[in-house]
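The values are calculated or read from the model by the stated rules, or taken from the named source; none is laboratory data. In this text the structure is predicted, and so the values were computed from the model without any measurement. No Cβ is skipped: glycine too gets one built from the backbone with ideal geometry, and neighbour counts run over all protein chains shown. Quick note on the areas: whole protein, heavy atoms, side chains included, nothing else; ligands and nucleic acids left out. Shrake-Rupley method; radii C 1.70, N 1.55, O 1.52, S 1.80 Å.
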Amino acid sequence: MKVKTRFAPSPTGFLHVGGARTALYSWLFAKHTGGEFVLRIEDTDLERSTQEAIDAIIEGMEWLGLEWDEGPYYQTKRFDRYNEVVDQLLADDKAYKCYASKELLDEIREEQMAAGLKPRYDANHPRVVEANASATEETPFCIRFRNPKEGSVVFDDKIRGRIEFQNSELDDLIIRRTDGSPTYNFCVVIDDWDMGITQVVRGEDHINNTPRQINIYKALNAPVPEFAHCSMILGDDGAKLSKRHGAVSVMQYRDEGYLPQALLNYLVRLGWSHGDQEIFSMEEMIQLFSLESVSKSASAFNTDKLLWLNNHYIKSSEPEYVAKYLQWHLDAKGISTENGPAIADVIKLVGERCNTLVELAEQSRYFYQDFEAFDADAAKKHLRPVAKEALELALVKLEALEDWNTENLHTVIADTCAELELGMGKVGMPLRVAVTGQGQSPSVDAVMNLIGKPRVLARLGKAIAFINERAAQ
Ligand code: GLU
């Protein structure tokens with residue numbers, strides 16, 4: 001049977017890393033098996049669902065590159081279908097109208113607790129029976145699924161192994177509320193059935209819902225999919241991952257300068273392993289992923305490792321790939337790349353030194369924008385009167401240089417050193433501060449090559465003027 005998986009977020013907030021990892025596992029399983037992946041927005045909770053959250057989830061999925069073959073489907077567009085199935089279950093006596101009011105059920109629950117019993121809905125409670133018997137046309141009602149009373153529900157979770165629930169533990173759950181809206185546990189079954197989902201990959205918070213859902217599949221004679229419940233993600237302090245641990249929204253990782261590939265590689269390893277391999281290309285992830293190798297235990301988030309992976313991908317990815325994402329950060333910082341070197345060339349030069357694209361964008365700035373002032377410490381150390389002669393001589397040589405390339409620039413610096421009998425640092429450092437405004441940069445000949453002749457000459461002129469001004473003070 002062709003595999004079809006899905007990611008089914010409720011749009012009550014942004015796409016967080018836990019959701020993204022579930023989506024990734026579900027997506028990888030589909031790709032690994034040559035199957036399909038569906039995106040479904042579970043927006044039946046009208047009060048908590050927002051369009052903003054829907055947009056944020058779609059944006060997150062797109063940024064991660066987790067493309068879906070079908071969807072997004074919206075549960076709010078499927079109410080007619082849910083009602084049709086509710087009617088069918090009513091007709092088959094597999095569901096029934098329940099007239100017991102919320103107040104009555106609350107009272108019964110309190111009685112049960114006072115008597116030391118487990119609070120639960122009991123269709124045979126005399127007061128419930130009475131409420132049903134005395135209902136009129138006007139009495140509001142909800143619809144409940146008739147859960148089997150005996151036996152148990154067993155399923156082989158692909159991650160956690162065999163799980164069994166006694167039916168006696170499950171009450172008759174509401175499938176349509178008094179206001180006519182269908183409930184999550186019901187919609188999810190109808191959707192997964194209609195959409196032909198073969199494997200349900202989701203968070204472990206849904207384990208307790210699974211036996212209820214399986215009973216509904218059975219009542220409908222629908223094929224029961226396989227289930228795989230992923231464990232929680234914890235912060236590095238062992239508590240459930242939350243905002244207090246820093247970024248939890250996928251888009252915040254984009255804002256903080258992570259590459260989607262680094263985050264995906266990080267997330268796949270957060271609970272899944274293949275020997276002790278840490279770096280996985282997308283092709284390798286697809287090829288090697290299996291639900292059976294996903295860990296049952298909770299995984300702790302480790303920002304240092306994510307940073308390490310991000311640096312790895314900045315360094316080793318095709319510069320054009322990094323450029324696509326760096327462009328976003330350059331735009332965000334108002335750095336126009338129109339009159340400057342190709343972004344990919346800048347990445348080749350400075351990428352290695354950067355852990356994030358935010359740093360990389362900052363380190364790219366001087367290739368495209370003139371700076372207002374020299375870094376104070378660097379200027380104090382390197383733009384001193386002794387450096388003036390070196391800068392002036394270099395300027396004359398650079399003005400005369402016709403073939404502007406790294407090798408020739410290297411020769412200019414070497415010649416300047418030789419003529420003035422100065423060490424490399426005595427010329428290279430003032431030049432670096434003059435053309436980049438700062439004390440650290442990659443090799444200054446390569447940097448000058450990319451900055452380009454007009455800008456380099458203008459900046460050297462400014463540095464010499466700066467030294468003159470300081471000397472005059
Ligand atoms: N909408 C549910 C959630 O966001 C997921 C339901 C499911 O995957 O079955 O938690």
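Side notes on the structure shown:
- Subtracting the Cα-Cα distance of K2 and T406 from their residue separation scaled by 0.36 nm leaves 139.9 nm.
- Additional length obtainable on full extension of the chain from E47 to M195, 0.36 nm per residue less Cα span: 50.7 nm
- With R₀ fixed at 35 Å, the C-beta to C-beta distance from H32 to M424 puts the FRET efficiency at about 0.05.
- Look at where the Cα atoms of region 363-434 and of region 139-183 average out, and the two centres are 75 Å apart.
- Counting only the Cα atoms, region 94-145 fills a convex hull of 77 Å³ per residue.
- Between region 284-304 and region 233-276, the alpha-carbon center distance in angstrom: 12 Å
- R127-E164 FRET efficiency (beta carbon distance; Förster radius 25 Å; 0.05 resolution): 0.20
- Across region 369-376, coupling constants 3J(HN,Hα) worked out from phi with the 6.51/-1.76/1.60 Karplus curve, θ = phi - 60°, read 10, 6, 8, 6, 8, 6, 4, 4 Hz, and Gly and Pro carry x.
- Helix-only [θ]222 nm of the chain, DSSP H runs n ≥ 4, -39500 (n - 2.57) each, per residue, nearest 500: -15500 deg cm²/dmol
- Angle between the chain longest axis and helix 51-64 axis [Cα atoms, degrees, rounded to 10]: 60 degrees
- Chain lengthening between T12 and S152 when straightened (0.36 nm per residue, less Cα-Cα): 47.1 nm
- Divide the volume of the convex hull around the Cα atoms of the chain by the residue count and you get 201 Å³ per residue.
- Helix 210-219 and the long axis of the chain differ in direction by around 50°, with both axes built from C-alpha atoms.
- Label-point gap, in nm, between L117 and A373 - each point 7 angstrom along Cα→Cβ: 7.8 nm
- Pairs from K380/K462; K388/K462; K31/K315; K240/K296; K388/K426; K118/K149 whose Cα-Cα separation, in the structure shown, is over 19 Å: K31/K315
- Å² of accessible area per residue within the chain, as computed with a 1.4 Å probe and no ligands counted: 48 Å²
- Other-chain or far-sequence residues with amide H under 5 Å of I175's (modelled H): I143, R144, F145
- Prolate/oblate/rounded label for region 1-98 (Cα gyration tensor, a/c 1.5): oblate
- The angle between the Cα long axis of helix 102-114 and the main principal axis of the chain comes to about 90°, on a 0 to 90 degree scale.
- Element breakdown for the chain at a 1.4 angstrom probe: carbon and sulfur atoms account for 49% of the accessible area.
- Size of region 353-394 as Cα extents on the principal axes (Å, biggest first): 37, 20, 20
- Placing a pseudo-label 7 Å from each Cα along the Cα-to-Cβ vector at R109 and N208 gives an inter-label distance of 1.2 nm.
- Between the beta carbons of N339 and M282, assuming R0 = 35 Å, the FRET efficiency works out to 0.50 to the nearest 0.05.
- Between amide H atoms placed 1.01 Å from N, distances below 5 Å from F37 occur with T5, D69, E70, all of them 5 or more places distant or on a separate chain.
- Anisotropy class of region 266-422 from Cα gyration tensor, a/c 1.5 cut: prolate
- Cleavage-rule hits (GluC sites (Glu not before Pro)) in region 113-198: DSSP loop, at most 11 neighbouring Cβ within 10 angstrom: E137, E138, E150
- Computed from label points 7 Å out along Cα-Cβ, the spacing between A332 and Y217 is 4.1 nm.
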